[in-house]
Amino acid sequence: MSTFLIRRVAAIVPTLLFVSILIFGLQQLLPGDPAMVLAGEERDPAVIAHLRETMHLDQPFPVRYLYWLRGVVHGDLGESLRMQQPVGALIAAKLPVTLELACIAIVIALAIGIPAGVVSAVRRGTAWDYGANVVALWGLSTPNFWLGIMLILLFSVTLGWLPASGYVSPFENWRANLASMIMPAFVLGNAIAAVLMRHTRSAMLQVLSSDYVRTARAKGARERDVVLKHALRNALIPIITLGALEFGTLLSGAVLTEQVFTIPGFGKLIVDAVFNRDYAVVQGVVLFTATAYIMLNLVADIAYAVVNPRIRVQ
Amino acid sequence: MPKRMHQAMLIVACLLALIASANAQTLRIGLAEDPDVLDPTLARSFVGRIVFASLCDKLFDIDEKLAIVPQLAESYQWSSDSKALTIKVRAGVTFHDGEKLDAAAVKYSLERHKTMAGSNRRGELAPLASVDVVDPMTVRLNLSAPFSPLLAQLADRAGMIVSPKAAQAAGDKFGARPVCAGPFQFTERVAQDRIVLERYANYWNKGTIHFDRVVFLPIPDSTVRLANLRSGQLDFIERLAASDVPQLKSDARFGITKITEIGYQGITINVGKSDLAQKNPLGRDPRVREAFELALDREGIVQVAMDGEADVGNQWVAPNNTFYAKNVPIPARNLARAKQLLQEAGVPNASFTLMTPTTADAQRIAQVVQAMAREAGFDVKIQSTEFATSLDLADKGQFDAYVLAWSGRADPDGNIYSFDACKQPLNYAGYCKPGVDDLLNRSRSTRDVDERRQLFSELAAIALKDRPIVYLFHRHWLWAYTSKLEGLRAVPDGLVRVNGLRFK
């Protein structure tokens, strides 16, 4: 096991190095001169020259990369030239916001998607089934930004129940935090709920027609127990995998929703950084995300190895 | 008895505190973008200037009619050769850290603008050779040559005075916690979320300040910004979408203010920036450029692309500006003449690419221009390009024509010099004519308004005929706010002055 672990951890180093070269290299392919964008309206040549020097843009590509890598190795992801803040601090400030949003969204998705899928499968061909399918179709086909603006107009402008946008930390005021999160989380969760509903429905239909379910019914088990204890438990396995995948997507895919609701999260940070050619922020955020994925992959590999000893030998 | 007295006093104190907190008034302003660094020396964005208007007072300010008025300066006097400006600094002004604002502080700030690495003010103060402290409350600005736009420059970020003590301590991190001498002091900033300013108790003009706190919230989407105003979470929003004006106008709960900008919207034509200029009839032949301008119906462009929320124009300043050259009025659309000019130039179906940033306004303008020019025979291909990329292409001269806006400066020099003088940083057209440079430099060296007006008229007669830029219109700054708000001053630079602003 220890040899396996050492091998896997050692493999991370070249992977991360390759990823870092890829991130840095791809960023250089972005058209537009970052110094020119950051120099603002006046575009004073002296300011542009100063920014080029600060960003090492006057150096060849390998030298620039090594400057950056040296910082990364020392735990310094650089500084946002536009906001004058360390990239590490920006990530630390924005990531919890997006994580919270993603968590609430996935809870909403699960709370809507699974019961709707179960009801749709159990009451197949009835009005419940058609109703759930219509809702799912609506959830899948509704653009996030449109739904977001409609919710704002209804709950903020017309009814005045919820704030139209913005973010309040839960440590500052948890009620206000929930009020600011519920609409964007619903917008994000709504689309995932539709996917979950469709998958739950098909998984449930498959399980409900299996032999052991028929046996359970023949034994005289109550229909409620058959559905919830026998069928749903088995049907849930692919749903959980799907939910986990969707959660991963949420972390990087909440960009539009964060933009509409002005949530200062991870998505908004990287989008603004790309448009402003704030290289240090783009590199830092992408490297952080890539590292997180690699680490999660490692954890999964280790988990497989623990569960299945044959993997360690291979 | 003394104990009861003590309790009663305590209750009264609590009640007073409660009343005070109930009266604590906050002004919440929705911004269209997140400002960049809040250091007057390094700052570059328009939206940052809106925050500075509450945070950092300047030596001078401009009023509703673009006249220069003293702010931190009490009075000023030019030397007879116009090469020195003596400023008497306002007495009794302190910075937010309690330090005194005096002549030494003014000298420090101006020199910081001139020498700090990465300063965006260096170009604005280029003719400033040195600053002398004449006495504790008087400074003299020595210029290398007469420079009439100086007062206008000092009425913007170049005239903002920062606390030397705080600036020295913070170095290039000053923008993270700026210390100035404005009505509000910096409290907190959460990037992309909010900027919070608290009232400065010792502000020199505190009688004009009626809020305890100002909160700036960047909300890029104009629909969401408006929704925040309508749901009562914002008191004021800048840059209301033109299409939302009719809807809001009919609602008595809100007010709208329209201000014609000091900037302009135009189409820059590559007339000499690169070899491309000679390869394209538009860049090569002034007759083709004239035909292009004659094909445009500016009023139509404003109606279709801007929902009528702009004033048509054909110069770097709006027609109501004192420096507008009346000798070159807005040309009417004349398709017959346009077609004739194209025939004369030998290109009846002149073709060129119109590069445009991906903003909604710019896209609409490009589409309307394309349709209008087609009627004269032009074949215009629209090239939508992300802003940073378009800027890069423009700088390299990789374009035929480019839809570009300028936010404008109080003095006309700020709208023309860097665009039309040879080899200037914003001269994307690649326009260069010694006669034009001469007129521009002469307009800088005289402070006589009539003389400057004459020089700008001569300049207009040349530059507007050569057409490195075809000016289209001047947008309206659209402000929307709760009707409870009063005391708004519509200054053409589009910045919100908090002085005098209050809830009814």
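The values are calculated or read from the model by the stated rules, or taken from the named source; none is laboratory data. Model, not experiment: these values are computed from the prediction. For neighbour counting, all protein chains shown are included, and Cβ atoms are generated from backbone atoms with ideal geometry for every residue, glycine included.
With the structure loaded, tell me whether A:Arg82 is charged (D, E, K, R) and buried (at least 16 other Cβ atoms within 10 Å of the Cβ) or whether it fails that test. Criteria met by A:Arg82. Looking across region B:336-365, the residues that are within 30 Å of B:Ser243 (Cα to Cα) and either hydrophobic (A, V, I, L, M, F, W, C) or not in a strand (DSSP E or B) (or both) come down to B:Leu354, B:Met355, B:Thr358, B:Thr359, B:Ala360, B:Asp361, B:Ala362, B:Gln363, B:Arg364, B:Ile365. Of all residues in region A:5-34, those that are under 27 Å from B:Pro357 (Cβ atoms) have Cβ atoms under 7 Å from Cβ atoms of residues that are loosely packed, with under 15 Cβ neighbours inside 10 Å, 6 or more apart or on another chain, in A:Gln28/A:Phe61. Under the condition of being surrounded by fewer than 20 Cβ atoms within 10 Å (Cβ to Cβ) and either closer than 27 Å to B:Gly232 by Cβ or under 18 Å from the mean Cα position of the chain (by Cα) (or both), the residues counted in region A:105-141 number 4. Any idea which residue in region B:389-405 is nearest to B:Tyr431 (Cα to Cα), counting only those that are within 22 Å of the chain's Cα centre (by Cα), surrounded by 21 or more Cβ atoms within 10 Å (Cβ to Cβ) and of a type in the set (A, V, I, L, M, F, W, C)? The residue in question is B:Ala394. Against the test of being of a type in the set (Asp, Glu) and modelled with pLDDT of 95 or more, the options B:Asp379, B:Asp392, B:Asp361 yield a single qualifying residue, B:Asp379. Looking at the structure I just gave you, is B:Lys258 away from chain A (no Cβ under 14 Å) and touching a His at 6+ places or on another chain (Cβ under 8 Å)? It is true that B:Lys258 is away from chain A (no Cβ under 14 Å) and touching a His at 6+ places or on another chain (Cβ under 8 Å).
Mind checking which residues of region A:50-85 are within 14 Å of chain B (Cβ to nearest Cβ) and either free of Cβ contacts under 8 Å to residues at least 12 places away in the same chain or not in a helix (DSSP H, G or I) (or both)? The answer is A:His50, A:Glu53, A:Met55, A:Leu57, A:Glu79, A:Ser80, A:Leu81, A:Arg82, A:Met83, A:Gln84, A:Gln85.
Say we look at region B:24-58 and pick out the residues that are polar (S, T, N, Q) and out of contact with any Gly (no Cβ under 7 Å at 6 or more places or on another chain); which of these is farthest from the other protein chains (Cβ to nearest Cβ)? Once the filter is applied, the top-ranked residue is B:Gln25. State whether the residues of region A:105-123 include one that is free of Cβ contacts under 8 Å to residues at least 40 places away in the same chain, outside any helix (DSSP H, G or I) and farther than 14 Å from A:Met197 by Cβ. Scanning region A:105-123 turns up no residue that is free of Cβ contacts under 8 Å to residues at least 40 places away in the same chain, outside any helix (DSSP H, G or I) and farther than 14 Å from A:Met197 by Cβ. With a requirement of 3 or more residues that are within 14 Å of chain B (Cβ to nearest Cβ), the helices (runs of 4 or more DSSP H) lying completely within region A:203-264 that satisfy it span A:255-260.
Restricting the first member to region A:145-161 and to residues that are on the phi > 0 side of the Ramachandran plot, and the second to residues that are modelled with pLDDT under 90 and of a type outside the set (S, T, N, Q), no beta-carbon pair is closer than 8 Å while six or more apart or on different chains. Residues in region B:368-389 that are away from chain A (no Cβ under 14 Å) and either among the β-branched types (Val, Ile, Thr) or free of Cβ contacts under 8 Å to residues at least 24 places away in the same chain (or both): 7 in all.
Look through region A:30-42, keep the residues that are more than 7 Å from chain B (Cβ to nearest Cβ) and at pLDDT 80 or above, and return whichever of them is surrounded by the fewest Cβ atoms within 10 Å (Cβ to Cβ). Per the criteria, the residue is A:Ala35.
Candidates B:Ala429, B:Ala460: the one that is closer than 18 Å to B:Ala318 by Cα, touching a residue at least 12 places away in the same chain (Cβ under 8 Å) and more than 14 Å from chain A (Cβ to nearest Cβ) is B:Ala460. Residue selection: A:Leu287 fails the criterion of being among the hydrophobic types (A, V, I, L, M, F, W, C) and modelled with pLDDT under 85.
A count restricted to region B:219-238 and to residues that are under 25 Å from the mean Cα position of the chain (by Cα) and either surrounded by fewer than 21 Cβ atoms within 10 Å (Cβ to Cβ) or of a type in the set (Gly, Ala, Ser) (or both) stands at 4. Given the structure, is B:Ala318 among the aliphatic types (A, V, I, L, M) and closer than 30 Å to B:Asp379 by Cβ? It is false that B:Ala318 is among the aliphatic types (A, V, I, L, M) and closer than 30 Å to B:Asp379 by Cβ.
Being of a type outside the set (S, T, N, Q) and touching a Phe, Trp or Tyr at 6+ places or on another chain (Cβ under 8 Å) holds for only one residue in A:Phe247, A:Phe266, A:Phe275, and it is A:Phe275. B:Ser21 passes all but one of (1) closer than 30 Å to B:Thr446 by Cα; (2) modelled with pLDDT under 85; which number fails? Failing condition for B:Ser21: (1).
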